Amino acid sequence: MGRGRVELKRIENKINRQVTFSKRRSGLFKKAHELSVLCDAEVALIVFSHKWKLYEYSTDSCMEKTLERYERHYYAERHLVATEPESQGEWSVEYNRLKAKVELLQKNHRHYMGEDLDPLSLKELQNLEQQLDTAVKHIRARKNQLLNESISELQRKEKAIKEQNAMLANQIKEREKTVARQSQWGQQDNGLNTSSFVLPHPHPSLNIGGIYQ
């Protein structure tokens, strides 16, 4: 048969209580060490006896480091819990504000598209018409500005092309003049060379007494 359930209560006998404390403390420290090694966990264990004697265990004997991490984590958690309701309230207000803004923009967009006009009063329709007229004026002004800028750009390009064509025409004329002058000089040189090779006419000879002199 198995062991029965042991009732947990304070041990009245001081000797038995001290022996049990020593055994359970050793077993607890052993389990803490096994947890640290097997699971690669950072473990810190603090035990005070009934006489306020301190017994402690920490991973790699870094109790101060573990306690410092515990304090940072503990105070961070407390600060988060303390500020969470306030943050939730702020986010809720911001969400409602943005939601109302989006709904208003969607409604105005439908009105500008000529939709959902039945609920609008005469004054609201007049304001909407005035807004649309103003928007159309701005659109036309911007369109005319772009057209004028485009025309000016085309005129500038046309002027640049004309100037370039005129410059090319002048260059062609100068080139034709140069070629014509070179052709004339060549013809003159050829004439001079041809005349230098013409044989002179023989002088007439006299026959005296039948003797050729």
### Message
Taking θ = phi - 60°, what integer Hz values does the Karplus form 6.51 cos²θ - 1.76 cosθ + 1.60 yield along the stretch 48-57, in sequence order, with x for Gly and Pro?
### Response
10, 6, 5, 9, 6, 8, 8, 10, 9, 9
### Task
Would you list, by chain and number, the lysines whose Cα falls below 26 Å from the Cα of Lys101, excluding same-chain residues fewer than 8 positions away?
Lys123
### Summary
One finds, for Ala76 and Glu42 with R0 = 25 angstrom and r their Cβ-Cβ distance, a FRET efficiency to the nearest 0.05 of 0.90
### Task
Kindly state, to the nearest 0.05, the FRET efficiency for Glu103 paired with Glu149, given R0 = 25 Å and r defined as their beta-carbon distance.
0.05
### Summary
A chain fully extended from Lys177 to Arg69 at 0.36 nm per residue, minus the present Cα-Cα distance, gains in nm 29.2 nm
### Task
Using amide H atoms built 1.01 Å from N in the peptide plane, name the residues 5+ places from Glu42, or on other chains, whose amide H lies under 5 Å from its own.
none
### Message
I need the phi-derived Karplus couplings for the stretch 35-45: 6.51 cos²θ - 1.76 cosθ + 1.60, θ = phi - 60°, integer Hz, Gly and Pro marked x.
### Response
4, 5, 6, 5, 9, 6, 9, 8, 10, 10, 9
### Spatially proximal lysines relative to Lys177 (Cα-Cα < 24 Å; intrachain offsets below 8 disregarded)
Lys162
### Message
Restricting to DSSP loop positions (anything but H, G, I, E, B) with no more than 10 other Cβ atoms inside 10 Å of their own Cβ, which trypsin sites (Lys or Arg not before Pro) remain in the stretch 1-73?
### Response
Arg3, Arg5, Lys9, Arg10, Lys51, Lys53
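Where a number appears in this text, it was derived from the coordinates with a stated rule and is not lab data. Since this is a predicted model, take the numbers as computed values, not measurements. Using ideal geometry, Cβ is built from the backbone for each residue, glycine included, and neighbour counts are taken over all protein chains shown.
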